[in-house]
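What follows is a set of notes on a single structure, which appears directly below.
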Amino acid sequence: MTDLHSHIAQLDHRGWIDLVDLEDEQEVRSRGSMPAWLHSGEAVSLAIAASRGWRFLTDDRPARAYAATFGVVSGGNLGILLALVEERLLTFDESNALMTQMIRAGYRSPVTDPRDL
């Protein structure tokens, strides 16, 4: 297990986060056709999402707009926090505390309280 895998495994014993990579030639070609302005990690993630019918998670608005051209559903940190609250994995207060920490670390949020969503 790589060091990254060990960090991911600590997040949840059920293994709801899984590290994946490009699997076939179609995904490799798709990644290669992505525009240069798209970050490498986003390009790989988008190629995988488009190929496998997955959602694409990023807070980069241009990347989300580009994902829409593939018909890929996208979202970002706020959507993840809201989903965690809806699934009762976080309370609103815990979500708000995380958002506050993110903002202090430089995250630019359109809202300051998850309840505003």
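Overview of values
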item: Computed E for residue 70/residue 40 - FRET, C-beta separation, R0 22 angstrom, nearest 0.05; result: 0.80
item: By accessible area with a 1.4 Å probe, ligands and nucleic acids excluded, highest first: order of 52, 88; result: 88, 52
item: FRET E, pair residue 20, residue 93, Förster distance 30 Å, beta-carbon r, rounded to 0.05; result: 0.40
item: Centre separation in Å (Cα based) which lies between the range 47-65 and the range 77-115; result: 20 Å
item: Built amide H within the under 5 Å cut-off of residue 73, gap 5+; result: 56
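The values are calculated or read from the model by the stated rules, or taken from the named source; none is laboratory data. Computed from a predicted structure; not experimentally measured. In this analysis, Cβ positions are derived from the backbone assuming ideal geometry, glycine residues included, and neighbour counts consider all displayed protein chains. Surface areas here come from the heavy atoms of the whole protein model, side chains and all, with no ligands, DNA or RNA. Shrake-Rupley method; radii C 1.70, N 1.55, O 1.52, S 1.80 Å.
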